Amino acid sequence: MRAAVAFLLAAVLCFGGGRAASASPDFDYPAAFNFGDSNSDTGGRIAAGFEPMPPPYGSTFFGAPSGRFSDGRLILDFLMDAMDMPFLNAYLDSLGAPNFRAGVNFAQAGCSITPASATSVSPFSFGLQIKQFFAFKEKVTRLLSQGDRYRRYIPQLDYFSKGLYMFDIGQNDLAGQFYSRTEDQVIASIPTILLEFETGLKTLYDQGARKFWIHNTGPLGCLPQNIALFGKDPTQLDELHCVAKHNRAAKIFNLQLHALCTKLRGQFAGANITYIDIYSIKYALIGNYSRYGFESPTQACCGYGGPPLNYDGRVPCGQTKSVNGNLVTAKGCSDSTEYVNWDGIHYTEAANFHVTSQILTGKYSDPPFVDKMPFRIKPRF
């Protein structure tokens with residue numbers, strides 16, 4: 001199964017660059033460098049000391065909290081596994097003898113593309129993550145100049161030009177604004193958000209990055225957190241009982257992100273830019289959840305409150321809080337493979353595996369190459 005997944009991913013990356021791409025027959029990516037938010041954070045926020053992560057986070061695969069906002073592995077983890085590469089260590093995680101030879105993860109839960117403000121959930125915006133990348137690269141260069149002592153733990157210098165640069169970010173730029181702004185105001189901010197993203201990509205390109213793997217944002221309106229807060233009026237819900245305005249904003253963001261990727265293919269000589277339509281995969285999963293073996297599309301596995309959402313923002317997953325004078329605990333469900341959503345905001349490992357299997361069919365990427373993907377991965381759990 002791993003060989004088939006690796007073949008599919010190699011084909012995606014080979015043909016993903018369009019006219020301006022310099023496609024190589026060598027599908028061996030020596031390293032990956034990831035930038036993002038909680039969808040791909042493998043321990044950055046927890047290592048930074050912003051908050052503890054209690055059980056049952058990590059219980060499905062790791063047996064204990066791993067710094068990932070899920071019960072197990074993330075889409076990023078499954079993609080790394082498909083490339084036969086180790087999971088990426090968080091840049092800020094210095095414990096457990098981390099090995100950065102195959103790359104590093106700068107993603108931070110709560111971060112945004114635009115610069116952080118005093119009220120931001122995380123100060124580690126996209127621009128700051130890029131600064132961390134250059135600090136990492138500079139230190140690697142210095143250590144390599146000192147001989148072979150650290151070579152087994154850090155990337156070689158040519159890994160920075162041959163490596164894969166991965167991005168899954170933007171969800172918080174949109175979702176956070178809905179607490180204080182109208183839908184029209186959120187949509188009007190999208191060009192500014194993407195200009196910041198474009199600036200970051202150009203900075204990386206100018207420093208040698210050539211292979212870009214970019215996820216669009218998912219259906220924000222289908223997260224239990226947003227349904228609980230913004231979906232009390234049934235007229236504000238779409239056909240899947242998701243908050244319509246959040247999904248409309250996400251789709252407009254994705255259209256403009258897609259256009260940006262197309263533009264940059266013409267500007268980044270020798271680069272390979274692959275755009276992945278995460279939104280369509282996740283929305284199809286929520287709309288056809290039973291077909292894929294799930295029992296609930298928008299009810300949190302780990303939460304408090306019971307059906308239909310099992311989400312209460314006052315009681316985060318794994319924590320015990322006082323509600324109306326009573327101590328209550330947000331506990332995990334008995335079988336997370338039956339749930340799409342984990343904690344009201346993030347997806348379960350089972351859902352992440354499904355999303356990855358769909359990514360690797362190739363038909364959700366641009367440029368498309370479905371004819372080169374005659375079979376699909378069959379999820380096994």
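The values are calculated or read from the model by the stated rules, or taken from the named source; none is laboratory data. Keep in mind that this is a model prediction, so the values were computed, not measured. Here the Cβ is made from the backbone with ideal geometry for all residues, glycine too, and neighbour counts use every protein chain on show. Note: accessible area is taken over every heavy atom of the protein model, side chains too, but ligands, DNA and RNA are not part of it. Shrake-Rupley method; radii C 1.70, N 1.55, O 1.52, S 1.80 Å.
Please report the spacing between the Cα centers of the range 305-369 and the range 190-233 in Å, no decimals. Spelled out, the Cα-based centre of one part sits 20 Å from the other. The spacing between the range 159-176 and the range 43-60, judged by their C-alpha centroids, is 21 Å. May I ask you to give the percent of accessible area on the chain that is carbon plus sulfur, with a probe radius of 1.4 Å? Its accessible area is 53 percent carbon and sulfur atoms. In order along the range 336-348, the Karplus-derived 3J(HN,Hα) couplings, from 6.51 cos²θ - 1.76 cosθ + 1.60 at θ = phi - 60°, round to 5, 5, 8, 10, 7, 9, 8, 10, x, 10, 10, 9, 6 Hz, and Gly and Pro are given as x.
Per the helix-only calculation at 222 nm, which mean residue ellipticity applies to the chain, given -39500 (n - 2.57) for every DSSP H run of n ≥ 4 and division by its residues, nearest 500 deg cm²/dmol? Kindly include the intermediate steps, with their values, before the conclusion.
Values: 12 runs with 129 residues, N = 381.
Using -39500 (n - 2.57) per qualifying helix, the result is -10000 deg cm²/dmol.
Summed over the residues of the range 181-315 and divided among them, the accessible surface reaches 41 Å² per residue at a probe radius of 1.4 Å.
On average, how much accessible surface per residue is there in the range 52-151, in Å², for a 1.4 Å probe, leaving out ligands, DNA and RNA? Walk me through the numbers before you get to the answer.
On the way: 4480 Å² over 100 residues.
Computed with neighbouring chains in place, this is 45 Å² per residue.
Using the Cβ-Cβ distance between Ser94 and Phe61 with R0 set to 25 Å, the FRET efficiency from 1/(1 + (r/R0)^6) comes to roughly 0.65. Here is the link list: Lys232/Lys321; Lys139/Lys211; Lys139/Lys331; Lys232/Lys282; Lys137/Lys251; Lys282/Lys331. Which ones come out longer than 32 Å on Cα distance? Beyond 32 Å between Cα atoms: Lys139/Lys331; Lys137/Lys251. Gain on full extension, evaluated as 0.36 nm per residue between Tyr153 and Lys321 minus their Cα-Cα distance, stands at 56.3 nm. Please give the helix 278-287 orientation as an angle from the longest Cα principal axis of the chain, in degrees from 0 to 90, rounded to the nearest 10. In the chain, helix 278-287 runs at an angle near 30 degrees to the longest axis. Relative to the longest principal axis of the Cα atoms of the chain, the long axis of helix 244-267 makes an angle of roughly 10 degrees. For the chain, the longest principal axis of the Cα atoms and the long axis of helix 349-359 meet at an angle of about 50 degrees.
The loop-placed trypsin sites (Lys or Arg not before Pro) in the range 232-269, going by DSSP, that have at most 14 neighbouring Cβ atoms within 10 Å of their Cβ come out as Lys232. The simple spin-label model puts a point 7 Å past each Cα toward its Cβ; for Ser334 and Lys263 those points are separated by 5.3 nm.
The alpha carbon convex hull volume per residue for the chain rounds to 141 Å³.
Secondary structure note: in the chain, about 30% of the DSSP beta bridges are antiparallel.
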